[in-house]
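Down below is the structure, laid out as structure tokens.
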Amino acid sequence: MPTIPTRAEAFELLKKYNRSESLIKHALAVEGVMRYCARKRNADVEKWGIVGLVHDLDYEQFPDQHCTKAGEILLDAQWPDEYIRAVVSHGWGICSDVEPQSEMEKVLYAIDELTGLVATSALVRPSKSVLDIKPKSVKKKWKDKRFAAGVDRSIIERGAEMLGVQISDLIVDTIAGMQEVAEEIGLKGSVIE
């Protein structure tokens, strides 16, 4: 019988499989954005946040089995199918053939890579903060394909298309979600509040 995981249980599971500070900060950033987007859509904030938190659960230890191994780990932990499917679907077209279908899955798919672009954009600012970053500055970095070259912009575009939203709206939401967890993800920087 599947059990609904708590946020604390999800975080423990994440830390069991991940030691990398950057991967944990990425997980916290995605969690923050997922929670923000869930609130905006009147969806289950806790569920969306937990899915965001564990989406890359297997990446550090099993990069060649990314998404597949996460699905197995969550199944063994008796997580609900809806959570497992969402985690596996975020790798659609890359390392998974599970296409995002629910709103939660589509949002995760769309914002995962985008958190990397926002974080990198924040780090090159004098403040090194996500708190004072403007969407137009991220949009400008978006156009420079050499900037944050590891960010696959085509995935973000596909995700925005699936959601029926503009990239600029996705950027606004991603920044807002990351601002809520700026300290936890190391992007508070030197902004004076």
Expected single match for closer than 19 Å to ILE175 by Cα and either touching a Ser or Thr at 6+ places or on another chain (Cβ under 9 Å) or without any contact (Cβ under 8 Å) to a residue 12 or more places away in the chain (or both) among VAL45, VAL88 is VAL45
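Here's the yes/no breakdown for (1) at pLDDT 95 or above; (2) touching a strand residue (DSSP E or B) at 6+ places or on another chain (Cβ under 6 Å); (3) under 16 Å from HIS90 (Cα atoms):
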position: THR3; (1), (2), (3): no, no, no
position: GLU9; (1), (2), (3): yes, no, no
position: LYS15; (1), (2), (3): yes, no, no
position: GLU21; (1), (2), (3): yes, no, no
position: ILE24; (1), (2), (3): yes, no, no
position: TYR36; (1), (2), (3): yes, no, no
position: GLY52; (1), (2), (3): yes, no, yes
Checking LEU23 against (1) surrounded by fewer than 19 Cβ atoms within 10 Å (Cβ to Cβ); (2) more than 13 Å from the chain's Cα centre (by Cα), only one condition comes out false. Which one?
(2)
Looking at SER190, is it among the hydroxyl-bearing types (Ser, Thr, Tyr) and either in contact (Cβ under 8 Å) with a residue 60 or more places away in the chain or surrounded by 15 or more Cβ atoms within 10 Å (Cβ to Cβ) (or both)?
yes
Within the group SER168, SER137, which residue is of a type in the set (Ser, Thr, Tyr) and either touching a residue at least 40 places away in the same chain (Cβ under 8 Å) or surrounded by fewer than 16 Cβ atoms within 10 Å (Cβ to Cβ) (or both)?
SER168
Residue within the stretch 8-17 that is surrounded by 22 or more Cβ atoms within 10 Å (Cβ to Cβ), touching a residue at least 12 places away in the same chain (Cβ under 8 Å) and part of a helix (DSSP H, G or I) present
yes
Enumeration of residues in the stretch 91-112 that are modelled with pLDDT under 95, surrounded by 18 or more Cβ atoms within 10 Å (Cβ to Cβ) and under 23 Å from PHE147 (Cα atoms)
GLY91
I need the full set of residues from the stretch 74-91 which are in contact with a Phe, Trp or Tyr (Cβ under 7 Å, 6 or more places away or on another chain) and under 20 Å from ALA8 (Cα atoms), in order please.
LEU74
Give the stretch 32-51 a look and list any residue that's crowded, with 24+ Cβ neighbours inside 10 Å and out of contact with any Asp or Glu (no Cβ under 9 Å at 6 or more places or on another chain), or say none.
MET34
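The values are calculated or read from the model by the stated rules, or taken from the named source; none is laboratory data. Quantities reported herein were computed from a predicted structural model and do not represent experimental measurements. For neighbour counting, all protein chains shown are included, and Cβ atoms are generated from backbone atoms with ideal geometry for every residue, glycine included.
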